[in-house]
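See below for the structure under consideration.
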Amino acid sequence: MAGWNFNADPTKVPKVNTKYRKIVTRLPVPASAKLFKELERYESRSMHGQMPVVWDRAEDFQVYDGYGNCWIDFTSTIFVANSGHSNRRVIKYIRETLDRRLIHTYTFVSKIRARFLKKLVDMTPSFCEKAFLLSSGTEATECALKLMKMRGQTIARSKTGIISFRGCMHGRTMAVEMLKGDDKSSEWIGYKDPNIFHMPFPYPWLADGRKDAGVFWKSRFKKDIADLKNNGVRFEDICGIMIESYQGWGAVFYPKEYIRELFIFARKYNILVTFDEIQSGMCRTGKLFAYQHYGVEPDLLCLGKGLSGGLPLSAVIGRKSILDLPDVGSMSSTHSANPICCAAGLANLEEIERLDLTRVSARKGALLHQRLKKLKAKFPDNIARVIGKGMVAALIVTDPVTHKPDGRLASIICEKAMQKGLLLVHTGRESIKIGPPLTISNDALLEGISVLEECFAEIER
Ligand SMILES: Cc1ncc(COP(=O)(O)O)c(C=O)c1O
C-alpha cells in the first residue's frame, strides 16, 4: 500500500456493463469526495492510501459502492471472505445471537463459544487439541511467541530464543513486528530483541535452472543455520521457530526440502514450530492449511482473517500440553471468544464443510493458475513470474525494458483494473496479488482474468 497515491480526482473512465461488473460514474465517484475528505481530516494517515472505492455492500464475490458501480472482488477484503462476502449462514448465526440479545460475555461462558471451539478442534488435524481465541492476527502470533517461550522455559531458563524469516509478516505489534527483521518497519521500536534471530527467506528462484534443487535446498538450510551459529546463536537456547506459511507480499512458498530440513533441526534441538496461517489458512491454498503442502506436522498454528468470514476472530491452536501452560486466568483478553464472533466462526466452519471449500479451492485454483500462466506467456516482458497455490496467486511485474521488478507498474495495473470493475490486492511492491472468495463462479473468475489481460494489453500499447 505504501508509496503510491491513487488518483483522487474524479476521472472519466469508459463505462462497463457486464454480467458481473458495472462502472457507470467517474472514478473516484465525485459524490464520495466529501467522505474521503472527512476521513483525511479525522483518521490517522496510516489508514489512507487505499484505492478510492467506497464499499457499501459486498455479497459473495462482488462489491457495490451504492453509486451504481459494481466490482468483481479478487481480494476477499484481505483473504477474509473465503466463504464469500456476507455469507448467508454467517449472517444468520450473527443475527440469531443478536436477536437473543447477547453481544458480549468477557470470560463468562456462552454456549456458542463451546460449540465453535469444539467444531474448530474437530475439523483441524489431530495435533490441534485445544485453542485459545483472540480478536486479531497480531494477538495470535504474539500469543504463539508467549507459548513457545513458556514451553522453552520448562526445559531451561535460557531457552527463550525465537527464529523467524526475514521479510515475513506476522502483525504490527511490537514483538511480532521485530520478527520481520526489516529495520525500516521496526525502527520505531528503538531497540532489537537480542533473543530474536532471523534467517534469510529461501526464495525458490534462487534455485532456478538447477537440476539438483532438492540437494541445493538441503545444503542451503545447513548453511543458513551454520551462519546463525557462527553469529553466536546457541541452538539449545532456541524455543521456537515462527513461519509465515508463505511469504505474504508474493504468496512465495518455501522449498519443501528446506522446510523438511528445518523440522529435522527443530526436533533435534527440542524447538517448537509455529505456522502463521492467518492469511494462508482456511482453504485458501487448496488445503485447509498451507503448511500441509510441506508434509510436516507443526506444534502450533495461528489462525485469523478467514476464520470467521468477516468478524474479528483469531486463534492459536495446538497440542493441549502447550495450550495449557499458562495458569488459570493468566491468558485472556476482553474480547476473546466474543459470542457474535464465535457465531460467525461456527457458521463459517460449517460453510467450509458444506461447500467443500478445500476441494473447491484446489479445483478453481488450478484454473486460476492455468489462465495466469497463459497471461504470463502473452506478456513475458511484464510478468516475470506467477506464484502461489490454490486460490492465491501473485504476478511479479517487471519493467519491460530493464526487466527489473516494477512496483509502479503493478500499482498502475491495480488502478486500471479498479477502473474497469476488478479489485486486486495492491501490495505496494512489484506483486499483484489475487485472492478471490473461494465461492466465486468460474465465469466470474475468468471474466476477472480477462480484465487483467486488458490492463496489460493497454500498458503494452
Ligand atoms: C501472515 C499474517 N500474520 C499476521 C497478520 C496480522 O493480522 P491482523 O492484521 O489481523 O493483526 C497478517 C495480516 O495481514 C498476516 O497476513
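The values are calculated or read from the model by the stated rules, or taken from the named source; none is laboratory data. Note that the structure is a prediction, hence the values are computed from the model and not measured. Here the Cβ positions follow ideal geometry from the backbone for every residue, glycine too, while neighbour counts run over all protein chains shown.
Structure above, values below:
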item: Qualifying residue in region 39-52 (condition: among the hydrophobic types (A, V, I, L, M, F, W, C), outside any helix (DSSP H, G or I) and surrounded by 14 or more Cβ atoms within 10 Å (Cβ to Cβ)); result: yes
item: Conditions (1) under 30 Å from Asp356 (Cα atoms); (2) surrounded by 12 or more Cβ atoms within 10 Å (Cβ to Cβ); number of the one not met by Leu27; result: (1)
item: Residue within region 255-267 that is of a type outside the set (Ser, Thr, Tyr), within 12 Å of the ligand (Cβ to nearest atom) and either closer than 25 Å to Glu139 by Cβ or in the same structural domain as Phe165 (by TED's automatic domain parsing) (or both) present; result: no
item: Glu96, sole failed condition from (1) farther than 13 Å from Ile317 by Cα; (2) within 16 Å of the ligand (Cβ to nearest atom); result: (2)
item: Test: Ala377 is hydrophobic (A, V, I, L, M, F, W, C), free of Cβ contacts under 8 Å to residues at least 12 places away in the same chain and either in a helix (DSSP H, G or I) or on the phi > 0 side of the Ramachandran plot (or both); result: yes
item: Single condition Arg319 does not satisfy, out of (1) surrounded by fewer than 24 Cβ atoms within 10 Å (Cβ to Cβ); (2) basic (Lys, Arg); (3) near the ligand (Cβ under 10 Å from one of its atoms); result: (3)
item: Test: Thr97 is in the same structural domain as Met169 (by TED's automatic domain parsing) and either on the phi < 0 side of the Ramachandran plot or not in a loop (DSSP other than H, G, I, E, B) (or both); result: yes
item: Which numbered condition Ser44 misses (of (1) modelled with pLDDT of 95 or more; (2) not assigned by TED's automatic domain parsing to the domain that holds Gly428); result: (2)
item: Test result for Lys149, in a loop (DSSP other than H, G, I, E, B), touching a strand residue (DSSP E or B) at 6+ places or on another chain (Cβ under 6 Å) and either in contact (Cβ under 8 Å) with a residue 40 or more places away in the chain or closer than 24 Å to Pro312 by Cβ (or both); result: no
